[in-house]
Amino acid sequence: MERRKFLKQSALASSLFFVPSFVKAFETNLASELGYKRLVIVQLSGGNDGLNTVIPFRNDIYYKSRPNISISKSKTIKLTDDLAFHSSLLPLKRLYDKGYLSIINNVGYPNPNRSHFRATDIWQTASASNQYLQSGWIGRYLDAYGNHPYNAIEIDESMSLALKGERATGIALTNPEMLYKISQDPYLNNIQKYYNDEHLSEHNLGYLYKSMITAKSSATYIHNTNKTWDSKTEYPKTPFANQLKTIGRFINSGLQTRVFYASLGGFDTHVNQLNSQKRLLDVYAEGVEAFVKDLKKQNTFKDTLILTFSEFGRRVKENSGKGTDHGSANNVFIIGENLKKQGVYNNLAALTDLDDNGDIKFEIDFRSIYATVLSKWLHVNEKPVLNKEFEPLHFI
């Protein structure tokens, strides 16, 4: 097949199907099979304001620092004697009451970066703030323990750095049926006939061809497995809830995917924060509750852990635009049926002892959360993934 003809005529040239995937050689030399647990990661992109999410409703400093955007006690949902949920998180409170939620406060890392792009890279690669990695922590998990591209799936049009390994990579998709239709392109089928031809390894396109052939196999597997299941659970009519509905369908159909990645954007609330954050937290909480209900009906929630994070928190003091500026430490939500530490995992850091930028000081390194998930949930050695040992926590 001529290179120019292939690139010009194939529908694959501009499709999601060019998302990098495993080469065949890696499939036959995997280090270990994956476990049976599933991890669902949700990123609240833009930097969610943790102080108006888990609210210190008895703290005078909180109210003095935010005369326009603080949440009054009467409009919160009490969790403990000192902390309460934003009113939009009532669906999450119902999970909290069932023992399905652990709230980890003051999560961050040393020398925090307040750039959206850099902070997101740090969380997705599990790097130090002065370290630049080209592979994500989920990608390195796949490098060490994966055997198929569909072992990690992101529900998006493009793939985050988190899922890109040094040798292995997950799959990004929004519609599994569309991915399957693209995979049936006649040119790809033609390439597959020549998979074992020696000339493929002699040209630069060989890796691309082999990757596409392997991706075609993944698309077929996803299609054939996914079509066996149709969820009866009603989800909210939002794009975020649709991501979770797709993940729920994958899990309940028995798809052999261990890590799923979803995201909800819009949390960069420099101006008029109250209404925008309220709407976004509504979308998040209602989507997650429907997702948990879906899994509970099929008895798959017991093998699913949901981790929600944002790349940083917000400044303690409000700004002149009735919003908040980029901060550092934040809260992380862990949702699951078999949590050892339910409710509030640790106290909120003191608002009387902020860092030089007026941010909450971090107490728990986010990589300790990753280490805990890897070792205690996915049951793998976390060191090859995180490149360093971190003290595990005790929420699972």
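In table form, for the structure just shown:
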| quantity | calculated |
| --- | --- |
| Entries of Lys293/Lys340; Lys73/Lys322; Lys37/Lys296; Lys93/Lys317; Lys317/Lys341; Lys245/Lys341 with Cα pairs more than 24 Å apart | Lys93/Lys317; Lys317/Lys341; Lys245/Lys341 |
| Amide hydrogen neighbours beyond the local backbone of Glu337, cut-off 5 Å, H modeled | Thr304 |
| Whole-number percent relative contact order across segment 272-396, with pairs defined as alpha carbons under 8 Å at least 6 apart | 20 |
| Packing-based order for 239-247, 145-153, using average beta carbon neighbours within 10 Å, highest first | 145-153, 239-247 |
| For Lys376, net neighbour charge (Lys/Arg +1, Asp/Glu -1) across residues whose Cβ lies under 13 Å away | +1 |
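The numbers here are math on the coordinates, done by the rules we state, and not lab data. This is a predicted model, so every value here is computed, not measured. Please note: Cβ atoms are built from the backbone with ideal geometry, for glycine as well, and neighbour counts cover all protein chains shown.
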